[in-house]
1. Sorting 191, 109 on the 10 Å Cβ count, fewest up front, what's the list?
2. Under 8 Å for C-alpha pairs, at least 6 residues apart: give me the relative contact order for the chain, rounded to a whole percent.
3. What is the Cα centroid distance between segment 17-66 and segment 170-207, reported in whole angstrom?
4. Compute a Gaussian network model of the chain, connecting alpha carbons closer than 10 Å, and tell me which residue from 133, 111, 44 fluctuates the most.
5. Cα gyration tensor of segment 98-206, axes a ≥ b ≥ c as square roots of the eigenvalues: rounded (a/c below 1.5), prolate (a/b > b/c) or oblate?
6. By the gyration tensor of its Cα atoms, with a ≥ b ≥ c the square roots of the eigenvalues, what is the shape of the chain: rounded for a/c under 1.5, prolate for a/b over b/c, or oblate?
7. With a 10 Å cut-off between alpha carbons and a GNM built on the chain, which of 45, 106, 212 moves the most?
8. Which angle from 0 to 90°, rounded to the nearest 10, does the C-alpha axis of helix 182-193 make with the longest principal axis of the chain?
């Protein structure tokens with residue numbers, strides 16, 4: 001038991017020794033990870049909202065195109081999309097930098113899931129509200145902008161926050177296209193200091209610290225939403 005405690009103390013002692021040399025690279029990598037996550041999620045929100053509206057369009061051709069997009073993005077792994085954008089476009093004369101390719105790829109991939117989240121939120125709004133909007137002379141665009149989208153967004157907020165956590169974790173895939181985010185820097189440090197267990201355990205803790213506040217926000221939103229539904233019932 002004493003030996004195990006001594007080994008654990010020796011394991012932890014590595015961190016204060018190595019952190020001064022690790023901190024600069026890891027801090028910069030965290031910034032890049034947050035940049036990729038924020039950019040990809042913002043792009044996914046735009047794509048998802050447009051596709052969700054397309055899925056509910058009265059035009060069959062628009063619904064089909066939106067459905068195809070959703071099925072493809074949900075069926076194809078995010079890594080495949082990243083490789084297609086980063087490596088596959090080079091023969092066509094299009095060379096994307098790693099970070100923009102990661103943002104674009106993860107945004108496209110998350111767009112299909114976000115579209116279904118928005119679609120569920122839009123369908124949850126009462127149909128009578130749309131009819132009321134038409135009665136007072138509002139256009140379809142105005143009905144969506146001022147009535148449907150605000151309510152659908154409120155309903156969709158908890159799953160959207162959970163989706164943001166997923167995008168944050170998926171940003172680690174960007175290391176495979178040389179984006180200088182946390183995982184790539186961790187692999188670089190591991191190859192020079194030969195401390196893979198220490199560095200990847202630290203990376204896991206960093207991801208947890210980044211995701212934990214978002215997870216707490218999602219839980220609070222879910223509780224408030226269910227409390228509001230209970231009060232209405």
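Readers should treat all values here as calculations from the given coordinates under stated rules, not as data from a laboratory. It should be emphasised that the depicted structure is a prediction, and the values quoted were computed from it without experimental measurement. A quick note on method: Cβ atoms are made from the backbone with ideal geometry, for glycine too, and the neighbour counts reach across all protein chains shown.
1. Arranged by neighbour count, lowest to highest, 191, 109 become 191, 109.
2. 25
3. Here the answer is 20 Å between Cα centres.
4. Most flexible of the set in this elastic network: 133.
5. It comes out prolate by the Cα gyration axes.
6. oblate
7. Comparing 45, 106, 212 in the GNM, the peak value goes to 212.
8. 10
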